[in-house]
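Encoded as C-alpha cells, the structure appears first; notes follow it.
The values are calculated or read from the model by the stated rules, or taken from the named source; none is laboratory data. Quick caveat, the model's predicted, so the values are computed rather than measured. FYI the Cβ positions are ideal-geometry reconstructions off the backbone, even for glycines, and counts take in every protein chain you see.
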C-alpha cells in the first residue's frame with residue numbers, strides 16, 4: 001500500500017513574518033536576492049535615517065546546501081551577470097571561456113561537422129561553468145549581503161487569502177512512511193510574506209499549483225519540456241580542451257524525436273556530457289537514460305570518451321515552450337521567475353542568463369512594492385511589463401516559434417527554422433501552436449514489437465561498466481539520498497490507473513522515462529487470483545533526482561511531484 | 001519575600017538525572033541577574049536522600065515532594081504533585097530540564113495552571129528589565145527571543161547542554177529541606193507499565209562473521225523464513241537488500257548498502273540479490289561472497305567468489321540440510 005506525502009493537519013503552526021520570500025535558491029532566486037540587496041543598500045545610502053532592513057528577506061532552498069540540486073550543461077551567457085555583478089569574472093567560479101565550438105550531425109556510424117556553426121549556437125564569449133559551483137558562489141554573496149538562505153527547507157504549499165498569495169508553508173519534518181509524526185517531528189513554518197517570488201526551477205510544484213488555481217496559463221501555449229540526462233567524465237588529457245563545446249544532432253534519435261547533445265570542456269580534463277530528449281516522443285518504451293548510453297556508443301563519441309571514467313550523473317527537465325508558453329507572471333502577492341516561468345531560449349539551448357535577469361527584474365519590482373507598501377497586482381504587474389521592455393523579450397521574441405516548428409519532426413523543424421530566420425522569428429504563422437508532450441505518446445500496438453528504427457532507444461540500458469551504464473549504476477553516481485522513512489513524494493492520484501489502464505494501454509512508461517528508477521511494476525504476490533493485472537506500481541522514492549519528468553510525461557497526468565523532506569535529493573557537486 | 005525561581009530536578013529510581021545540575025546552573029545565572037532566590041524541588045516516593053543531595057548546591061530551599069503515587073512516573077501524578085507545590089509556593093519562574101519526561105508532563109502542568117511553556121530554550125537574556133528566553137528556529141539557523149505575556153508563574157525548559165552542570169554553584173551551607181507531602185489519589189488515572197527497556201541491542205551487522213542476505217529473488221515475505229533457517233544453521237545473521245526492508249519484510253537495521261549498513265564478514269551469502277552498485281558498496285569488503293541467483297548475468301556474479309546460477313528455492317533447502325549434517329558430524 002503506497003502512502004503519499006501530504007501536509008499534516010497541525011494546529012498552531014509556527015509563524016514568521018517576512019517582507020519577501022524567494023522560493024528556490026538557483027540562478028533566478030540568487031540573482032533576485034542579490035539584486036534586492038543592492039537596491040536596499042542604494043536606498044539606505046540615500047536614506048540613512050530610515051533604512052530598509054534585509055532581515056526579513058528569505059530564500060528557501062530544498063537542497064541541504066545551495067547549488068546541490070542545480071544541473072545544467074552549462075554554458076553561461078554573461079549578459080545578466082555583467083549587469084548584476086560587473087567584473088564577476090574575476091571571482092566567480094568559471095571553468096573556461098568558450099573558444100572553440102562545432103556542431104555535428106550524427107548518423108548511426110558517421111558524423112558530419114556543419115561547415116559553419118548556426119548563429120544561435122555560437123558561443124564565443126560565453127563561459128563554460130558548473131552551475132552547481134556557480135550557484136554556490138552566488139549563495140555566498142547573498143549571505144554575505146545579509147540575506148538568509150534557508151537550506152534544507154522546501155516550500156510545500158502556498159498560503160492564500162482568496163486569490164492573493166500571502167506566504168509559503170515549509171515542509172513538515174520528521175514524518176514517517178505512514179504520514180505519522182516521528183519523535184523528531186517539526187511542523188513546517190507558515191511564512192507570511194508581503195511578496196512571494198517563485199524561483200523553483202523547472203516544473204515548480206508550487207508554481208504548478210498556482211497556475212492551476214488562478215488559471216494563469218489560459219492565454220499561453222501548453223508548456224513543452226525536454227529532459228537532460230547528464231554525466232560528468234574525467235578524460236585523458238588532450239581530448240576536449242577547457243572551453244571547447246561540441247554539439248550534436250541526430251543519432252541516436254531518429255527524425256521523429258527532438259533533442260541533441262552537448263559536450264562542454266571544463267578544467268582538469270573534466271567534461272560535461274548531456275543529452276536532452278524532448279518529452280514529446282511517441283514510443284512509451286523510450287528511455288532517456290538509454291538514449292544517453294546509445295549516444296556514447298556512437299564511434300565519434302566513444303572515441304572521445306575512451307579511457308575516461310564517469311564520475312557523476314544527474315538529470316533535470318527543462319521547459320522549452322518559449323515566449324508563447326509563459327504563464328501570467330504576476331498577481332496579488334506573487335511573481336514567477338526563471339525556469340518556473342519558462343524563460344529558456346530553446347534555439348540557443350540557454351536559460352541561465354534569462355533566469356537571472358527575470359530574478360533581477362522581479363527584485364526591482366519587489367523593492368518597489370516594499371517601498372509603496374503595496375504588493376497587489378497593480379504593483380507586481382509591473383514585473384511582466386518590465387520583462388516586455390527588457391532584453392529578455394528581445395531575445396525570446398525572435399525564437400518565439402522555434403520549438404513548435406519541430407513538433408512534426410526534425411526535417412519540418414529545420415524548414416520552419418529557416419523560414420523563421422528570414423522573418424524575424426515569425427515563420428509561417430505569427431503564433432505557432434504547441435501541444436502537451438505527453439499527448440504524443442502512442443500505444444505500443446502502434447509500433448513494431450521490437451521497436452523498429454527506435455529499438456536502440458527502448459527499454460533498459462545494459463551497460464558495459466566502462467562506456468555505458470545501467471540506470472542504477474548511473475543513479476548511484478547522482479549521490480541522491482533521502483530520509484527513507486517518509487511518505488512517497490511522488491503523489492499518484494489513482495494507482496489503479498497504473499496497475500490496470502496504463503499497464504494495458506502504455507505499458508507503464510514511467511518505468512522507462514524516469515532516469516532514477518523510481519517507478520517499478522512489481523509482482524503482487526498478495527493480489528487475489530481474479531485480479532486482471534499481476535503487477536502493481538511500486539515507488540523507490542528515495543531514488544528520485546528531482547527532475548520532474550514523471551510530473552510532465554505521465555500520459556494520464558496523475559503524478560504530482562511534491563518536495564520530499566527538505567535536505568533530501570541528489571548531490572550535484574561539480575555538475 | 002523575594003521572587004523565587006523553582007527548579008524541578010529529575011530523578012529516576014533514586015538517581016538524579018545529571019541534566020538537573022544544568023537547570024540549577026541556569027537558575028543561579030538568572031538569579032545573579034535578577035536578585036531572585038533559587039529553590040529546587042524533587043518529586044518521588046521517599047526522596048529525602050535525593051533532596052539532601054540537591055541541597056548541597058547554593059539554594060534557598062529544597063522541597064521533597066513525597067507521595068507513593070510518585071514512586072513510578074505518570075504524567076497525571078507529576079503534573080498534579082507539582083501543581084500543588086507551585087500553587088502553594090508561588091514561584092515567579094519554574095525551570096525544568098528539557099527531558100523526555102518533562103516533555104511528557106510539562107504541557108499538562110502548564111495547562112492546569114492556565115499558563116504556557118517556553119520549551120527547549122538555549123539561553124536567556126535580560127532586556128530592559130524583561131526576561132527573554134532564546135529558542136532555536138529553522139533547525140538552528142535562527143534564534144528567537146521569547147517572553148511571557150502572562151502573569152507568573154512562568155514555566156520554561158532548557159535544552160540539554162544549554163548550561164554547564166559543573167557550573168552549578170555549591171552552597172556555603174546545606175540548604176534547608178522542606179518535606180511537602182501530597183495526596184494524589186484522586187488525580188492519577190494512568191496505570192504505569194514497567195519502565196521501558198530496549199529489548200535487545202539493535203543488531204550490529206558490522207560485527208557478524210557470517211551474513212545471509214536476501215534480495216528480491218526471495219519473492220514473498222513468508223520465504224524470509226527459509227533464509228533465516230540458513231542463517232541459523234550457519235550461525236550467522238540475516239540481512240537484506242533495500243527492496244526487502246522497503247517492503248517492511250525485515251527491519252531497516254538489517255539493510256546492507258549505500259542507504260544501509262556497510263559490512264565486511266568472512267562469508268556473505270547473497271540469495272536472489274541482483275547486485276546493483278548501491279548494494280555492492282555495502283558488502284564488497286566481505287572476505288568470501290557466495291551468490292545464488294537465477295539470472296546468470298546478474299552483476300552480483302562479478303564480485304562473487306562462488307557463483308551459483310539457479311533457483312534459490314531448489315538450492316537453499318538441501319544446503320541447510322547439508323550444513324546441519326556437516327555440523328552434526330564435526
Report task. Any chance you could count how many residues in the range B:70-89 are surrounded by fewer than 22 Cβ atoms within 10 Å (Cβ to Cβ) and touching a helix residue (DSSP H, G or I) at 6+ places or on another chain (Cβ under 7 Å)? Result -> 3
Query - Those residues of the range A:452-487 which are part of a loop (DSSP other than H, G, I, E, B), in contact with a strand residue (DSSP E or B) (Cβ under 6 Å, 6 or more places away or on another chain) and under 25 Å from residue A:303 (Cβ atoms), in sequence order - result: A:477
Query raised in the report: Taking into account only those residues within the range A:143-192 that are within 14 Å of chain B (Cβ to nearest Cβ) and in contact with a helix residue (DSSP H, G or I) (Cβ under 6 Å, 6 or more places away or on another chain), which is nearest to residue A:206 (Cα to Cα)?
Result: A:155
Query raised in the report: Where in the range B:110-166 are there strands (runs of 3 or more DSSP E), lying fully within it, with 2 or more residues that are surrounded by fewer than 18 Cβ atoms within 10 Å (Cβ to Cβ)?
Result: B:117-127, B:130-137, B:142-146
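This table checks each residue for (1) surrounded by fewer than 23 Cβ atoms within 10 Å (Cβ to Cβ); (2) in contact with a strand residue (DSSP E or B) (Cβ under 9 Å, 6 or more places away or on another chain); (3) touching a residue at least 60 places away in the same chain (Cβ under 8 Å).
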| residue | (1), (2), (3) |
| --- | --- |
| A:105 | yes, yes, yes |
| A:113 | yes, yes, no |
| A:118 | yes, yes, no |
| A:153 | no, yes, yes |
| A:162 | yes, no, no |
| A:165 | no, yes, yes |
| A:177 | yes, yes, yes |
| A:180 | yes, no, no |
| A:191 | no, yes, yes |
Requested in this report: Take residue B:252 and decide whether it is within 11 Å of another protein chain (Cβ to nearest Cβ), within 38 Å of the chain's Cα centre (by Cα) and under 17 Å from residue B:203 (Cα atoms).
Outcome: yes
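Yes/no per residue for (1) more than 19 Å from residue A:102 (Cβ to Cβ); (2) modelled with pLDDT of 95 or more:
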residue: A:218; (1), (2): yes, yes
residue: A:232; (1), (2): yes, yes
residue: A:238; (1), (2): no, no
residue: A:242; (1), (2): no, yes
residue: A:258; (1), (2): yes, no
residue: A:291; (1), (2): yes, yes
residue: A:305; (1), (2): no, yes
residue: A:317; (1), (2): yes, yes
residue: A:326; (1), (2): yes, yes
Query raised in the report: Can you tell me which residues in the range B:233-248 are crowded, with 17+ Cβ neighbours inside 10 Å, within 11 Å of chain A (Cβ to nearest Cβ) and under 26 Å from the mean Cα position of the chain (by Cα)?
Result: B:242, B:245, B:246
Query - Hey, residue B:321 within 13 Å of chain A (Cβ to nearest Cβ) and more than 38 Å from the chain's Cα centre (by Cα) or not - result: no
Query raised in the report: Quick one: which of B:169, B:209 is modelled with pLDDT of 90 or more and surrounded by 14 or more Cβ atoms within 10 Å (Cβ to Cβ)?
Result: B:169
Report task. Tell me the strands (runs of 3 or more DSSP E) entirely within the range A:198-304 that contain at least 2 residues that are closer than 16 Å to residue A:349 by Cα, without any contact (Cβ under 8 Å) to a residue 60 or more places away in the chain and not assigned by TED's automatic domain parsing to the domain that holds residue A:155. Result -> A:259-265, A:270-278
Query raised in the report: Which strands (runs of 3 or more DSSP E) does the range A:26-115 wholly contain that include 1 or more residues that are assigned by TED's automatic domain parsing to the domain that holds residue A:263?
Result: A:100-106, A:111-113
Query raised in the report: Residues in the range A:516-529: is at least one away from chain B (no Cβ under 14 Å), more than 30 Å from residue B:222 (Cβ to Cβ) and under 25 Å from the mean Cα position of the chain (by Cα)?
Result: no
Query raised in the report: Which of the following residues is over 18 Å from residue A:575 (Cα atoms), away from chain B (no Cβ under 14 Å), under 23 Å from the mean Cα position of the chain (by Cα) and modelled with pLDDT under 95: A:79, A:110, A:35, A:5?
Result: A:5
**Report entry** When residues of the range A:88-101 are limited to those that are in contact with a strand residue (DSSP E or B) (Cβ under 7 Å, 6 or more places away or on another chain) and surrounded by 17 or more Cβ atoms within 10 Å (Cβ to Cβ), the one modelled with the lowest pLDDT
**Finding:** A:101
Requested in this report: Check whether at least one residue in the range A:488-503 is assigned to a loop (DSSP other than H, G, I, E, B), within 14 Å of chain B (Cβ to nearest Cβ) and in contact (Cβ under 8 Å) with a residue 24 or more places away in the chain, and report yes or no.
Outcome: no
Query raised in the report: Under the condition of being within 14 Å of another protein chain (Cβ to nearest Cβ) and closer than 22 Å to residue A:523 by Cα, which residue from the range A:538-565 is surrounded by the most Cβ atoms within 10 Å (Cβ to Cβ)?
Result: A:544
Report task. Go through A:39, A:60 for me and flag whichever is over 30 Å from residue A:117 (Cα atoms) and surrounded by fewer than 21 Cβ atoms within 10 Å (Cβ to Cβ). Result -> A:39
Query raised in the report: If you check B:226, B:184, which single one turns out to be in contact with a helix residue (DSSP H, G or I) (Cβ under 6 Å, 6 or more places away or on another chain), more than 14 Å from chain A (Cβ to nearest Cβ) and under 30 Å from residue A:524 (Cα atoms)?
Result: B:226
Report task. State which residue is nearest to residue A:436 (Cα to Cα) when the search covers only the range A:406-417 and only residues that are free of Cβ contacts under 8 Å to residues at least 60 places away in the same chain and surrounded by fewer than 22 Cβ atoms within 10 Å (Cβ to Cβ). Result -> A:408
Report task. Take the range A:440-464 and flag every residue that is within 14 Å of another protein chain (Cβ to nearest Cβ) and either within 28 Å of the chain's Cα centre (by Cα) or within 17 Å of residue A:517 (Cα to Cα) (or both). Result -> A:460, A:461, A:462, A:463
Report task. Could you check how many residues of the range B:261-293 are part of a strand (DSSP E or B), in contact with a helix residue (DSSP H, G or I) (Cβ under 8 Å, 6 or more places away or on another chain) and away from every other protein chain (no Cβ under 14 Å)? Result -> 9
Report summary line: Scanning the range B:135-163 for residues that are free of Cβ contacts under 8 Å to residues at least 60 places away in the same chain and closer than 24 Å to residue B:86 by Cβ, the one farthest from the other protein chains (Cβ to nearest Cβ) turns out to be B:151
Query - Members of the range B:100-123 found to be under 21 Å from residue B:18 (Cβ atoms) and in contact with a helix residue (DSSP H, G or I) (Cβ under 6 Å, 6 or more places away or on another chain), listed by number - result: B:104, B:105
